[in-house]
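K.L.:
This is the structure I want to talk about, given as structure tokens.
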Amino acid sequence: IAKAHGRNTWRLYAPEMNASAYDDMLLAVDLRQAIDVGELELHLQPQFTLAQGQPVGMEALLRWTHRTRGPVSPARFIPIAESSGMIAEIGNWVLREAARIWSRWRSEGLVPLPIAVNLSAVQFQAPDFLHEVGRVLSEFDLPAGALEMELTEGTLMANTDAAVETLHQLVGKGIQIAIDDFGTGYSSLSYLRRFPVSKLKIDRSFVLDLGKHGNEGAEAIASAVIAMAKSLQLRVIAEGVETAEQRDFLKDHGCDEVQGYLYARPMSVEAATALLAQRARSAQPQGDMA
Ligand code: C2E
Ligand code: MG
Ligand code: MG
Ligand code: MG
């Protein structure tokens, strides 16, 4: 009886215990078709200068609207794409889509802002990555400065010599490099000096606690990152800025740029295009209002 019971229990619990792995598998199957059926989309979140509040760039963020589940977060499906060998294809799609958006802005007579795309480590290390980047740049005839790429410290530290070489190739193609989620990894000053990066992005986890009492740790990290960026002559941007207190702290400590819900949420390409058009209209009659 015990055995039968045990077997019964096993049969009942096995799907339960593996529910999350099983669900990952279902998502992987659907993700494989998501590009073809048009369920993937890029949204854009503007980035602003802290001093003037001028938009200076847009970060491309992947959105997946699953036909039955609705929106699935990239925090959930990017790791699945990585482990199931689909990240290169998805990453290439993102790259091409960002290039398409930028060239559409240009052809509509707007002044395009640089678009920053996020790179996964697997995509960055893929043997044909640079080839693909070159192909996209020439297909859309993008000038230097049109695209930026965001990589995490973990991606850069995985194989530093190869990473340095790949970064130089990207910079040679006119692509600016930003280190994403900065402060959460293990990069040292000496490594940073070797990488041809132009921007550090202070991770949202530190920004969250700025200007609150009893959170001097986050403030120490944020001000150290800003100081480090200054000494290396890099631009520094804070991600996830939601409150006036956070903004004020960043302003007082000399942060260059900001991105976050206080300024703008990630928006559809249409909304981002409207923002550029509005900016062009308001800049023309009165001149530079900054
Ligand atoms: P990330 O690159 O660090 O992107 C910033 C995340 O913070 C985005 O989440 C953005 O929507 C969110 N965010 C921005 N401002 C605020 C704010 O003020 N408050 C809060 N609470 N959140 C804010 P999202 O879009 O869910 O993306 C999560 C992560 O997924 C990204 O983190 C990035 O690592 C990854 N990801 C997104 N798109 C891509 C992609 O095209 N390729 C790759 N490889 N990864 C991507
Ligand atoms: Mg990013
Ligand atoms: Mg980030
Ligand atoms: Mg992040």
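The values are calculated or read from the model by the stated rules, or taken from the named source; none is laboratory data. Since we're looking at a predicted model, the values are computed, not measured. Heads up, the Cβs are rebuilt from the backbone with ideal geometry, glycines too, and the neighbour counts pull from every protein chain shown.
K.L.:
From 153, 132, 148, grab the single residue that is in contact (Cβ under 8 Å) with a residue 24 or more places away in the chain, farther than 24 Å from residue 192 by Cβ and not β-branched (Val, Ile, Thr). Reasoning before the result, please.
P.N.:
Values: 153 fails: farther than 24 Å from residue 192 by Cβ; 148 fails: farther than 24 Å from residue 192 by Cβ.
Only one candidate qualifies: 132.
Matching residues to (1) touching a Pro at 6+ places or on another chain (Cβ under 6 Å); (2) closer than 30 Å to residue 104 by Cα; (3) among the small types (Gly, Ala, Ser); (4) within 16 Å of ligand 1 (Cβ to nearest atom):
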residue	(1), (2), (3), (4)
152	no, yes, no, yes
177	no, yes, no, yes
183	no, no, yes, yes
198	no, yes, yes, no
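K.L.:
Can residue 237 be described as part of a helix (DSSP H, G or I) and within 16 Å of ligand 4 (Cβ to nearest atom)? Full working, then the answer.
P.N.:
On the way: part of a helix (DSSP H, G or I): no; within 16 Å of ligand 4 (Cβ to nearest atom): yes.
No: the conditions fail for residue 237.
K.L.:
Then there is this: Give me the pairs: first residue in the range 100-122 and of a type in the set (S, T, N, Q), second residue outside any helix (DSSP H, G or I) and surrounded by fewer than 16 Cβ atoms within 10 Å (Cβ to Cβ), beta-carbon distance under 9 Å, and six or more apart or on different chains, which are they?
P.N.:
Sorted first by the residue in the range 100-122, then by its partner, the pairs are 103/141.
K.L.:
Right, here's the next one. Just to be sure I understand, how many residues within the range 189-224 are surrounded by 18 or more Cβ atoms within 10 Å (Cβ to Cβ), within 13 Å of ligand 3 (Cβ to nearest atom) and either assigned to a strand (DSSP E or B) or among the hydrophobic types (A, V, I, L, M, F, W, C) (or both)?
P.N.:
So the answer is 6.
K.L.:
Can you find even one residue in the range 147-161 that is more than 16 Å from ligand 3 (Cβ to nearest atom) and either in a strand (DSSP E or B) or within 20 Å of residue 271 (Cβ to Cβ) (or both)?
P.N.:
Initial filter on the range 147-161 (more than 16 Å from ligand 3 (Cβ to nearest atom)): 147, 157-161.
Keeping just the survivors that are either in a strand (DSSP E or B) or within 20 Å of residue 271 (Cβ to Cβ) (or both) gives 147.
So far as the range 147-161 goes, yes, one or more of its residues are more than 16 Å from ligand 3 (Cβ to nearest atom) and either in a strand (DSSP E or B) or within 20 Å of residue 271 (Cβ to Cβ) (or both).
K.L.:
Still on this structure: Out of all the residues in the range 70-82, is one or more within 16 Å of ligand 2 (Cβ to nearest atom), of a type in the set (Asp, Glu) and out of contact with any helix residue (DSSP H, G or I) (no Cβ under 6 Å at 6 or more places or on another chain)?
P.N.:
No - not one qualifying residue is present in the range 70-82.
K.L.:
Report, ordered by the first and then the second residue, all pairs with beta carbons closer than 7 Å, sequence separation of six or more or different chains, a first member in the range 69-91 that is under 19 Å from residue 36 (Cβ atoms), and a second member that is surrounded by 14 or more Cβ atoms within 10 Å (Cβ to Cβ) and acidic (Asp, Glu).
P.N.:
If the second residue must be surrounded by 14 or more Cβ atoms within 10 Å (Cβ to Cβ) and acidic (Asp, Glu), the pairs left are 80/24.
K.L.:
May I pose another question? Assess whether residue 73 counts as being of a type in the set (Ser, Thr, Tyr) and more than 16 Å from ligand 3 (Cβ to nearest atom). Give the derivation first.
P.N.:
Working: of a type in the set (Ser, Thr, Tyr): yes; more than 16 Å from ligand 3 (Cβ to nearest atom): no.
Judged against the criteria, residue 73 is not a match.
K.L.:
I'd like to know if the range 271-281 contains one or more residues that are among the hydroxyl-bearing types (Ser, Thr, Tyr) and either closer than 30 Å to residue 190 by Cβ or within 16 Å of ligand 1 (Cβ to nearest atom) (or both).
P.N.:
Just the residues of the range 271-281 that are among the hydroxyl-bearing types (Ser, Thr, Tyr), to begin with: 273.
Retained after the next criterion (residues that are either closer than 30 Å to residue 190 by Cβ or within 16 Å of ligand 1 (Cβ to nearest atom) (or both)): none.
No: zero hits.
K.L.:
Looking only at residues that are touching a helix residue (DSSP H, G or I) at 6+ places or on another chain (Cβ under 7 Å) and aliphatic (A, V, I, L, M) in the range 33-60, which one is modelled with the lowest pLDDT? Steps first, answer last, please.
P.N.:
As a first pass, look at the range 33-60 and keep what is touching a helix residue (DSSP H, G or I) at 6+ places or on another chain (Cβ under 7 Å): 35, 40, 42, 44, 46, 50, 55, 58, 60.
Going one step further and asking which of them are aliphatic (A, V, I, L, M), we end up with 35, 40, 42, 44, 50, 58, 60.
On the way: 35: 87, 40: 97, 42: 98, 44: 98, 50: 97, 58: 98, 60: 98.
Applying the filter and picking the extreme gives 35.
K.L.:
Anything in the range 240-288 that is under 14 Å from residue 222 (Cβ atoms), in a loop (DSSP other than H, G, I, E, B) and within 16 Å of ligand 2 (Cβ to nearest atom)? List them, or say none.
P.N.:
240, 241, 260 - these are the residues of the range 240-288 that are under 14 Å from residue 222 (Cβ atoms), in a loop (DSSP other than H, G, I, E, B) and within 16 Å of ligand 2 (Cβ to nearest atom).
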